[in-house]
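Quick notes on the structure that follows.
The values are calculated or read from the model by the stated rules, or taken from the named source; none is laboratory data. On a predicted model such as this, the values are computed, not experimentally measured, just so you know. Every residue, glycine among them, receives a Cβ derived from its backbone with ideal geometry; neighbour counts consider all protein chains shown.
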Amino acid sequence: MPESKLFYEIANLETEQKNPRTENIDIASTRDVLRMINDEDLTVASIVRKEIPNISKAVDKIVESFQSGGRLFYFGAGTSGRLGIVDAVECPPTFGTAQGMVQGIIAGGTKAVFKAQEGAEDKPENGAIEIIKRKIKPPDIICGIAASGRTPFVKGALAEARKKGIFTILIATVPKKQAIKNGMLADVMICPVVGPEVITGSTRMKSGTAQKLILNMLTTASMVRLGKTLGNVMVDLQLTNAKLKERAKRILMTLTGVDYDTAENTLKLSGGNVKTALVILLAGVDVKEAKSRLEKAGGFIKKTLKFGK
């Protein structure tokens, strides 16, 4: 029986090749195994850096989408899908985003987060169905995450999104030409070629690391552009637990020089909104005026206070 088309498609992937630098990992000492893994990981950041022009294009479109009331949806399977979910769920507590503003969708549904769902990624129509079911439309944005640049679930989601005029992004760790050859098309293609994995085909390793770095860049840069930080301090966090409440007080104390009690009282006065509390303290205004200034400045504290650029 001749090999299938899928066999050749997978066999030719960059991520499926053997890594000559780790071919003796099975007889290496524990320390040498760890050094091999670490040596390979050290190559990832510089490879991702080469993709900054494409990542920048994606961030600008994401910011534009958010400013127009749009949402960002990550589509992936397996490790890629889980990484999208991790990035999405961290946005509300870290940056105070509305629930649903950033969403992660994984092939096989919620149960696939905790246990691999065999075959869940193999049907492109399942990706398309999610677009329809969730009523995704412009100005929403779809970001497909597929280390192999060929995942059918992601391919189906991107194709359906493009039919509906939705802006699309693809994150893959194979050459752009290879992803296109496999039928993956997106408006912005972010393709850091990390090369063969430490363990052949184990894309949870370098590929996963590259994807995580890029996802961090997409949302963090977008949130900075939306005024979610003051300098490099996050000031739009949600006070959903004791740690975050104490962090918020420390932020007020650090940025304004007030004592603990003043920080606590101002935070209560602001209804738990760190940005509002900061403007109250830094500008010497009441809650109503602080909120009004923030609204006029688009949420940027430095613009509100008219200091800095």
Please go through region 292-304 and pick out each residue that is buried (at least 16 other Cβ atoms within 10 Å of the Cβ) and either of a type outside the set (D, E, K, R) or under 29 Å from the mean Cα position of the chain (by Cα) (or both). L294, A297, G299, F300, I301, K303, T304
Evaluate the following for L282: is it in contact (Cβ under 8 Å) with a residue 24 or more places away in the chain and part of a loop (DSSP other than H, G, I, E, B)? no
Output yes when any residue across region 219-242 is among the aliphatic types (A, V, I, L, M) and within 30 Å of E197 (Cβ to Cβ), and no when none is. yes
Among (1) in a helix (DSSP H, G or I); (2) within 30 Å of G272 (Cα to Cα), there is one condition G104 misses while meeting the rest; what is its number? (1)
Can you work out which of the residues in region 4-49 that are among the hydroxyl-bearing types (S, T, Y) and part of a helix (DSSP H, G or I) is modelled with the lowest pLDDT? Y8
Residues satisfying the stated conditions in region 45-60, i.e. farther than 24 Å from R150 by Cα and buried (at least 22 other Cβ atoms within 10 Å of the Cβ): none
Looking at L42, L6, L72, which is the one that is within 30 Å of E118 (Cα to Cα), surrounded by fewer than 13 Cβ atoms within 10 Å (Cβ to Cβ) and out of contact with any Gly (no Cβ under 8 Å at 6 or more places or on another chain)? L6
